[in-house]
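S.K.: Quick one: this structure, given as structure tokens, is what I'll be asking you about.
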Amino acid sequence: MAILVTGGTGYIGSHTVVELLNANYEVIVVDNFSNSNPESLSRIKEISGKDFKFFEVDLLDRGELETVFSNCVIDAVIHFAGLKAVGESVEIPICYYHNNITGTLNLIDLMQKYDVLNMVFSSSATVYGAPKQVPISENFSLNVTNPYGRTKLMIEEILNDVYTSNSNWSIALLRYFNPIGAHESGRIGEDPNGIPNNLMPYITQVAVGKLNELKVFGNDYSTPDGTGVRDYIHVVDLAKGHLKALEKIISSNGVEAYNLGTGKGYSVLEIVQAFEKTTGKKIPYSFGPRRSGDIAECFANPTKAEKDLGWKARRGIKEMCIDSWRWQSQNPIGFQNKNDKNYATTLIR
Ligand code: WQD
């Protein structure tokens, strides 16, 4: 089975490519490195011991993308490629709509043209907006509150319409909660550009000395300790969920959404305490005002994925903290040679 992975050099994409190679899938990666580093390609090869095809392609370049479809046998697509920073999407919405929606339309168009009708789509719990209650189930109302989230919801709706127009399609919409952690090797991990928006990479950069202290965004939420509660899921568990979704879509038709979360919520302070306890690293922090757009509590009801996909998150918060720290401590500035595009030319084609 040959799987095309868009955005396969990114944080979740690279971890999923490792799992695909470990499961003996043939993999074709396309990426434009807009939010990732070419070095992750050699690291994926190092970890898996397997070769795979890579094409440096922007999904907005339909012609370039078509050369991949015309030159490769593809049985299914896992679609990660897209911009994903909530705050940035508020500042540059048109860039987000163009990049995420137009890029996806090019992909779907070519999938239809080349009769590749199986897709696992990287969606997000952000499509639920501020839930009326927790845990969150897939049939809860969807009400996004930012352009990034709207692109995810729009793509989910586009894919539902595509299936309505052609019932030979088989699509899984995977709604991620909060991915953290890294592969146990410490060779791939989350490598955000600039100052991290997300909690765990911010904590690990404080721990490694790149940042001075963590600002906790609000301690007046209606939660046990007043800080925000989220469903943190190990990125390797998340990656394995994509392989289970792949198995499901290959053997059935239709469009289904699945929550990929642990079903357990942790507060910001609980994450800080767990990180300090498991790594021995002190994380200085102070309280600041709430971050606009943040919600008090968000965690999954993961039973649909457990029942339909036979998937369940296995790794606990300690492993998430230890694996996050191993990646950051072994890669204090993330992937090296951020601007060395030569990596792409020397790597797998
Ligand atoms: C987690 C908690 C913050 C940073 C986002 C996107 C979502 C998905 C995952 C793409 C919150 C608090 C954070 C900091 C803090 N991404 N925090 N200080 O906002 O739940 O979800 O990332 O799909 O779409 O919205 O994750 O890690 O930013 O925040 O106090 O420096 O940590 O307030 O309570 P979030 P996060």
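The values are calculated or read from the model by the stated rules, or taken from the named source; none is laboratory data. Bear in mind that the values here come from a model prediction, so they are computed numbers and not experimental data. Ideal geometry is used to build each Cβ from the backbone, glycine not excepted, and the neighbour counts take in all protein chains shown. Surface accessibility is based on the protein's heavy atoms, side chains included, excluding ligands, DNA and RNA. Shrake-Rupley method; radii C 1.70, N 1.55, O 1.52, S 1.80 Å.
S.K.: Which whole-number value in Å² is the accessible area per residue of the chain, probe 1.4 Å?
M.R.: Roughly 42 Å² per residue, with all protein chains present.
S.K.: Taking only the alpha carbons of the range 114-193, what extent do you get along each of the three principal axes, in Å, biggest first?
M.R.: Result, largest extent first: 43, 38, 24 Å.
S.K.: What figure in square angstrom, to the nearest 10, would you give for the accessible area of Leu269 with a 1.4 Å probe?
M.R.: It works out to around 20 Å².
S.K.: Another one. Enter the per residue convex hull volume of the chain, computed from alpha-carbon coordinates, in Å³ rounded to the nearest integer. The partial results should precede the final answer.
M.R.: Values: hull volume 43.3 nm³, N = 349.
Here the figure is 124 Å³ per residue.
S.K.: Still on this structure, please answer the following. Show that you can apply the helix-only estimate: for the chain, add -39,500 (n - 2.57) for every DSSP H stretch of four or more residues, divide by all residues, and state [θ] at 222 nm to the nearest 500.
M.R.: -11500 deg cm²/dmol
S.K.: To continue, here is another question. Could you order the peptides 298-309, 105-116 from most to least packed, using the average number of other C-beta atoms within 10 Å per residue?
M.R.: 298-309, 105-116
S.K.: Could you size up the charge dipole of the chain around its Cα centre, putting +1 on the beta carbon of Lys and Arg and -1 on that of Asp and Glu, and report it in debye to the nearest 20?
M.R.: 820
S.K.: So how far apart, in nm, are the two label points at Glu247 and Asp51 if each is 7 Å from Cα heading toward Cβ?
M.R.: Each label point lies 7 Å from its Cα, and together they span 2.9 nm.
S.K.: Let me ask something else about it. Subtract the Cα-Cα distance of Arg290 and His98 from 0.36 nm times their separation in residues, and report this length gain in nm to one decimal.
M.R.: The Arg290-His98 span can extend by a further 66.1 nm.
S.K.: Over the range 171-291, what is the relative contact order in percent, taking alpha-carbon pairs closer than 8 angstrom and at least six residues apart?
M.R.: Once divided by the residue count of the range 171-291, the mean separation gives 41 percent.
S.K.: In the calculated pair distance distribution of the range 250-333, what percentage of Cα-Cα distances lie above 20 Å?
M.R.: Numbers: 1907 of 3486 pairs.
Of the Cα pairs, 55 percent sit more than 20 Å apart.
S.K.: Just order 286-293, 19-26, 243-250 by mean Cβ neighbour count inside 10 Å, highest at the front, would you?
M.R.: 243-250, 19-26, 286-293
S.K.: Could you check what % of the DSSP bridge pairs in the chain are antiparallel, to the nearest 5?
M.R.: Approximately 5 percent, going by the DSSP bridge assignments.
S.K.: Roughly how many percent of the accessible protein surface of the chain is carbon and sulfur, given a 1.4 Å probe and a whole-percent answer?
M.R.: Heavy-atom surface of the chain belonging to carbon and sulfur, 1.4 Å probe: 48 percent.
S.K.: For the range 192-308, what is the charge dipole size about the Cα centre, in debye to the nearest 20, if Lys and Arg each add +1 at the Cβ and Asp and Glu each add -1 at the Cβ?
M.R.: Roughly 280 debye, rounded to the nearest 20.
S.K.: While we're here: Step by step: find N for the range 180-330, compute 2.2 N^0.38 Å, then divide the Cα radius of gyration by it. What's the final number?
M.R.: For the range 180-330, the normalised Cα radius of gyration comes out at 1.12.
S.K.: Between their Cα atoms, which of Lys113/Lys248; Lys215/Lys318; Lys132/Lys215; Lys45/Lys215 are more than 30 Å away from each other?
M.R.: Result: Lys45/Lys215 exceed 30 Å.
S.K.: Dividing the Cα radius of gyration by the Kirkwood radius, what Rg/Rh value follows for the range 77-229?
M.R.: Rg divided by Rh gives 1.01.
S.K.: What does the charge count around Ser14 come to, taking other residues whose C-beta lies under 12 Å from its C-beta (Lys +1, Arg +1, Asp -1, Glu -1)?
M.R.: Taking every other residue near Ser14 into account, the sum is -3.
S.K.: Okay, moving on. I need the chymotrypsin sites (Phe, Trp or Tyr not before Pro) found in the range 65-99, filtered to DSSP loop residues with at most 13 other beta carbons within 10 Å of theirs. Mind dumping the intermediate values first?
M.R.: Values: sites: Phe69, Phe80, Tyr96, Tyr97; in loops: Phe80.
Sparse-neighbourhood loop chymotrypsin sites (Phe, Trp or Tyr not before Pro): none present.
S.K.: Now for a different question. P(r) tail for the range 237-293, what percent of Cα pairs lie past 19 Å?
M.R.: Working: 935 of 1596 pairs.
Value for the range 237-293: 59 percent of Cα pairs lie more than 19 Å apart.
S.K.: Place the peptides 82-93, 167-178 in order of packing, highest mean first, counting for every residue the other Cβ atoms within 10 Å and averaging per peptide.
M.R.: 167-178, 82-93
S.K.: For the chain, with the dipole built from +1 on Lys and Arg beta-carbon atoms and -1 on Asp and Glu ones, taken about the Cα centre, which of Phe55, Phe80, Met154 lies farthest toward the positive end?
M.R.: Final value for the positive-end residue is Phe80.
S.K.: Work out the FRET efficiency for Tyr114 and Lys312 from their Cβ-Cβ distance, taking R0 = 35 Å, and round it to the nearest 0.05.
M.R.: The computed FRET efficiency comes out at 0.55.
S.K.: What number do you get for the range 1-101 when its Cα radius of gyration is normalised by 2.2 N^0.38 Å, N = residues?
M.R.: Taking N as the residue count of the range 1-101, the ratio is 1.09.
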